[in-house]
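Data first, discussion second: the structure below is written as structure tokens.
Laboratory data are not the source of any read-out in this text; all were calculated from the coordinates shown. Computed from a prediction, not measured in an experiment: that's the story for all the values here. Every residue, glycine among them, receives a Cβ derived from its backbone with ideal geometry; neighbour counts consider all protein chains shown.
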Amino acid sequence: MFNGAFRERVRNSWVEMRENLTRSTLQSLGVILGVASVLGGFSISDSMRQRSMELYVKMGGLDKLNVRQSAVVKEGAPSALQMANLGLRTLDAQEGEDIDSSSVDGISLRKDAQARVRSPYADQERDIRGIGGNFLALDGYEIDQGRDFTMHDIDTAAPVVILGTEAVAAFFPSGDALGRTLRIGDTPVQVVGILKERVFRFRDGQHNIFRWRNRIIAIPTTLVARRFEGDQYHRVDRVTFRIRKLDAMAKFSKALSGMLKANHRQQEDFRLDDVGARVRKQQSQGDVYDIIFLLSGFLSLIGGGIVNVNIQMATLKERIREVGVKMAIGAPGTEVFKEFMTEALLLTGVGSIVGLIIGIGFSKIITASIGVPLHIDAKSFVSAYGLAVVFGFVFALFPAWKASRLSPMEALRYE
Amino acid sequence: MSTTQQTVGAAARAADVWKVYGAGEAQVIALRGVSVSLEQGKYTAIMGPSGSGKSTLMAILGCLDKPTNGTYALDGERVEGLSGRELAAIRNDKIGFVFQQYNLLPKASVVRNVELPMLYAGVSRKERRQRAQELLERVGIPEKAKVLPAALSGGQRQRVAIARALTNRPALLLADEPTGALDQKTGHEVLELFVDLHRQGNTIIIVTHDLSIAAMAQRQVEIMDGLIKLSEAA
């Protein structure tokens, strides 16, 4: 490598490869197909995974810890203690933030109700969502027109409402909903904000899986408590904490669980749900496809490798004399070994690059046919390429070793 | 130390060398106890009909093969016990081969062919190029450096092979029927080159079955049925 021997080997291998283009092409065919199939397979799961990530971002991110009510009475009659329990409250959210206020990036509250909703144009029984804290941001909603609820709105249980696009279409078909009045139950509320429409299709042509989110009719949690099904304890249905730092999540979740239990008279009437952990677990089930793709790539690389060994052994016969000459003028067996290895690895390297290009084309066709945008991880390139090089190396060993063990005398005399 | 003393003054010394190929029924005894000493700076011809064992002797003198029995010392160094790697280093450093069929690498340019032994010896690129060019001048074809061997005539190819053999300043220049594939005129030119090289101090061994070629050497060694039949100095 240092006096140019390496360079010389690479150069000679290149010449050898170019001069025997047909043979080289045949030899690298296995590598090309192997790399293409590994990359093609990986890119499909990469693309699907990427699509899921986009979905989670649109859902408001994965870095969330949900706390929900949960039934504590499994069977029989509840005990007095259980009866007296207050459940999840606004207070829990406040104390939760106090545990580690530097890690908590946002809190949202939810308290649901059902009510009759009326406008001059429509009259429907609807789910009403009482929201508090940073609900819109944490759930991936964005204001299109008007405004979010202010602290003042929430503190004073102001009669205001924010509508999703479907709700706007249902109750104000003419479109100009902002500032108009809607009656929820017996309470007149003013429309202060309209949300952006939320759309996500996993594949082109699939239905919008966010359609139901556009049905939202949101009012302050405090208004739900005051006018619909509230009580003096400020109970809520769901508290969500956003924890940006992944490593802080486990600690926070443990501390939160302890605190909630203490607050809830030592009863676990709540359920913690680490959204990120749940999704990661689901995704790991998709890894089995990666293994299948890897396996099919493996098989074609093995097939290609065996073909390669055969061709290499056949061409070795033609080159025995050349090996003999090199040995006669002083090439040790190791040098001959290195020359053959360089040739095989160069072939593998070039074949792999062609394979990657074909693999990309292949993936494009497949992802286009299932309607998902193409995405390939750098990791997939590296593993497809790495795999091919490892196989190329292993299968090159035998012919190279054979060549290096030739006796110079017999090699020179070989006709 | 006795071996060193034994070989003083001799570029190569073979003592009671046997070479046996195969075993049992198929056994072939190529050399049956050959002893020969080749002095530094001498021009020696080894003669013999085909099958006489001269190629085997040449292979042993050139460290391409090891004797089955007996000793061989080159430039004061015994070779029987050496590994394949060490033999390769000796071939690279101390021996220059010239073959009947030239044995140039067809895909490498002339200058690269000449550089090859230096590449194995670990000589730097710059020095390789320079020395290869000098050697091509010495054999009379400096203008052919960049062409492929296929573009050369037989005589020119053999000159390239001679240049290649000289690269590492060998202790022994071994030529196996170097004019066997050439017409008389070019063959004669090549032989004159050998005489020149001898005059410049190279130790040369030429293997031939042609008496007139052998007559140009200082000493003739004749081999027959694996034994030295005649060894005389001119």
Discussion item. Show me, for segment B:201-212, the HN-Hα J-couplings you get by feeding each phi into the Karplus relation (A = 6.51, B = -1.76, C = 1.60, θ = phi - 60°), rounded to Hz, glycine and proline as x.
Written reply: x, 7, 8, 10, 10, 10, 9, 7, 10, 9, 4, 5
Response to the item:
Dividing the mean separation of Cα pairs under 8 Å (6+ apart) by the residue count of chain B yields a relative contact order in percent of 28
Worksheet item: Say R0 is 56 Å: what FRET efficiency, to the nearest 0.05, do A:L81 and A:D204 get from their beta-carbon distance?
Response: 0.55
Worksheet item: What does the average come to when, for each residue of peptide A:329-340, you count the partner chain Cβ atoms lying within 10 Å of its Cβ?
Response: 6
Discussion item. Over chain A, what is the relative contact order in percent, taking alpha-carbon pairs closer than 8 angstrom and at least six residues apart?
Written reply: 31
Worksheet item: Based only on Cα atoms, what Rg/Rh ratio does the protein assembly as shown have, Rh being taken as Kirkwood's radius?
Response: 1.34
Item to complete: Rank-order A:330-343, B:217-230 by packing density, defined as the average count of other C-beta atoms within 10 Å over each peptide's residues, highest first.
Response: A:330-343, B:217-230
Worksheet item: So which residue, out of B:T208, B:T186, B:T167, gets the largest mean-square fluctuation from a GNM of chain B using Cα contacts under 10 Å as springs?
Response: B:T186
Worksheet item: For the pair B:L148 and A:R413, how long in nm is the line joining their label points, each one 7 Å along Cα→Cβ?
Response: 3.1
Item to complete: Tell me the label-point distance for the pair A:A248, A:R215, using the 7 Å Cα-to-Cβ offset, in nm and rounded to one decimal.
Response: 3.6
Worksheet item: Across peptide A:5-13, what mean number of C-beta atoms from other chains lies inside 10 Å of a residue's C-beta?
Response: 2
Fill in: Potential extension, A:W14-A:I291 segment - 0.36 nm per residue separation minus Cα distance
96.3 nm
Worksheet, complete the sentence: Bridge orientation stat for segment B:2-233 from DSSP, antiparallel percent rounded to 5, came to 55
Worksheet item: Under a plain spin-label model, where a point goes 7 Å from the Cα along Cα-to-Cβ, how far apart in nm are A:L299 and A:I99?
Response: 4.9
Worksheet item: Taking neighbour counts of Cβ atoms within 10 Å as a proxy for exposure, in what order, fewest first, do B:M58, A:M53 appear?
Response: A:M53, B:M58
Fill in: Residue pairs, from the table A:K326/B:K144; A:K379/B:K107; A:K402/B:K144; B:K66/B:K229; A:K111/A:K254; A:K338/B:K229, whose Cα atoms sit over 32 Å apart
A:K379/B:K107; A:K402/B:K144; A:K338/B:K229
Discussion item. Quick check for you: which residues of segment A:286-310 have the amide N under 11 Å from the point 7 Å beyond the Cα of A:V394 toward its beta carbon?
Written reply: A:298-299, A:301-303, A:305-306
Worksheet entry | Residue of B:K144, B:K19, B:K107 that the Gaussian network model of chain B assigns the largest fluctuation, springs spanning Cα pairs under 10 Å | B:K107
Discussion item. Relative contact order for segment A:99-206: what percent, with Cα pairs under 8 Å and sequence separation of 6 or more?
Written reply: 28
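Among B:38-48, A:90-100, what's the highest-first ranking by average C-beta atoms within 10 angstrom per residue?
The peptides rank, most packed first, as B:38-48, A:90-100.
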Worksheet item: A:R271 to A:T22: extension gain in nm, 0.36 nm per residue of separation minus the Cα-Cα distance?
Response: 83.1 nm
Response to the item:
antiparallel share of DSSP beta bridges within the protein assembly as shown, to nearest 5, in %, is 70
Worksheet entry | Sequence of A:H152, B:H188, A:H234 once ranked by neighbouring C-beta atoms within 10 Å, starting from the fewest | A:H152, B:H188, A:H234
Worksheet item: Along the three principal axes, how long is segment A:244-343 when you take its alpha carbons, biggest first, rounded to the nearest angstrom?
Response: 90, 29, 20
Discussion item. Starting from 0.36 nm per residue, how many nanometres of slack lie between A:I366 and A:S284 once their C-alpha separation is accounted for?
Written reply: 27.3 nm
Worksheet item: Averaged across the residues of B:74-87, what count of C-beta atoms belonging to other chains lies within 10 Å of each residue's C-beta?
Response: 1
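At a Förster distance of 30 Å, what's the computed FRET efficiency of B:S83 paired with B:E137, Cβ-Cβ distance as r, to 0.05?
0.25
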